[in-house]
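Accompanying notes for the structure given below.
The values are calculated or read from the model by the stated rules, or taken from the named source; none is laboratory data. Because the structure is a prediction, the values reported are computed rather than measured. Positions of Cβ are backbone-derived with ideal geometry, glycine not excepted, and every protein chain shown enters the neighbour counts. Ligands, DNA and RNA are stripped out before the accessible areas are found, and what is left, the full protein with its side chains, is counted by its heavy atoms. Shrake-Rupley method; radii C 1.70, N 1.55, O 1.52, S 1.80 Å.
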Amino acid sequence: MSMDKINLDSLNNEIIRLLTENGRMPIGEMKKKLDVTSPTIRNRIKELEKNGLFKVAGLVDPNQHPQIVTALVAMSIRSLGKMDQILEKISRLPNVVWAGVCTGRYDIIAEVLCKEGKDELYRFTTNTILKIGNVIRSETFILLKSRHNWLCL
């Protein structure tokens, strides 16, 4: 199946939902819940992964790790028509969980995860993002508490 032909039908959505609840759920248990064969489930998962529509990952709850600092960093960008390339650079920076172009006062917002705490966040905001050269200014919002905010380390 090519990427443009894969269909997120109800079965694919149910498989994704089950694996979101428990990424280690055995195929046999999924088979019972979905009333389809094991090979069907395996093939669906393989196609979703192959086409970049789904992946299983180990996540941590940052609230259970007091040394971890999570922040949203909003950036004004001098894009010169290259916003997609700048977004790609920012999304690949160390500490960046995700980044997206947005509407409003800022051009890009990134969620940043710092395992070493505030000092690491300080280096990220005063050094790392400035190396890109297109960031005019930024504003950082440290998350003091969150819910359902499971993150990849």
Next item on the list: Within the stretch 83-104, find all residues whose amide N lies under 16 Å from a label point positioned 7 Å from the Cα of GLU116 along Cα-to-beta-carbon.
Entry: 94-96
Notebook entry, point to check: Could you give the distance between the Cα centres of the stretch 81-138 and the stretch 17-64, to the whole Å?
Noted result: 31 Å
Next item on the list: Would you check the accessible area of LEU113, probe 1.4 Å, heavy atoms only, in square angstrom rounded to 10?
Entry: 10 Å²
Next item on the list: Assign unit charges at the C-beta atoms only (+1 for Lys and Arg, -1 for Asp and Glu), then state the dipole size of the chain relative to its Cα centre in Debye, rounded to the nearest 20.
Entry: 140 debye
Item checked: Residue-averaged [θ]222 nm for the chain, counting only DSSP H segments that reach four residues, each worth -39500 (n - 2.57) -> -9000 deg cm²/dmol
Margin query: For a 31 Å ceiling on Cα separation, which of these pairs sit above it: LYS32/LYS55; LYS32/LYS145; LYS46/LYS89; LYS50/LYS82; LYS55/LYS115; LYS46/LYS131?
Written below: LYS32/LYS145; LYS46/LYS131
Item checked: Sparse-neighbourhood loop sites, trypsin sites (Lys or Arg not before Pro) in the stretch 1-82 - DSSP loop, at most 16 other Cβ within 10 angstrom -> LYS5, ARG24, LYS55, ARG78, LYS82
Margin query: How would the stretch 38-117 be classified by its alpha-carbon gyration tensor: rounded, prolate or oblate, with rounded meaning a/c under 1.5 and the a/b versus b/c comparison settling the rest?
Written below: oblate
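Which value, in Å², gives the accessible area per residue of the stretch 4-153 when a 1.4 Å probe is used on the protein heavy atoms?
66 Å²
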Notebook entry, point to check: Quick one: with all protein chains in place, what share of the accessible area of the chain is carbon or sulfur, to the nearest percent (1.4 Å probe)?
Noted result: 51 percent
Notebook entry, point to check: For helix 38-50, what angle does its Cα long axis make with the longest principal axis of the chain, in degrees from 0 to 90 and rounded to 10?
Noted result: 20 degrees
Next item on the list: Note the full-extension length gain between LEU93 and LYS55 as 0.36 nm times their separation in residues minus their Cα-Cα distance, in nm to one decimal.
Entry: 11.6 nm
Margin query: Please state the shape class of the stretch 1-88: rounded when a/c is under 1.5, otherwise prolate if a/b exceeds b/c and oblate if not, all from the C-alpha gyration tensor.
Written below: oblate
Checklist line | Pairwise label distance in nanometres, GLU139 with LEU72, each label 7 Å out on the Cα-Cβ vector | finding: 1.1 nm
Next item on the list: Quote the FRET efficiency, to the nearest 0.05, computed for ASN22 versus MET83 with a Förster distance R0 of 22 Å and r equal to the Cβ-Cβ distance.
Entry: 0.05
Notebook entry, point to check: So how long is each side of the chain along the principal axes, counting just the alpha-carbon atoms, biggest first, in Å?
Noted result: 54, 40, 23
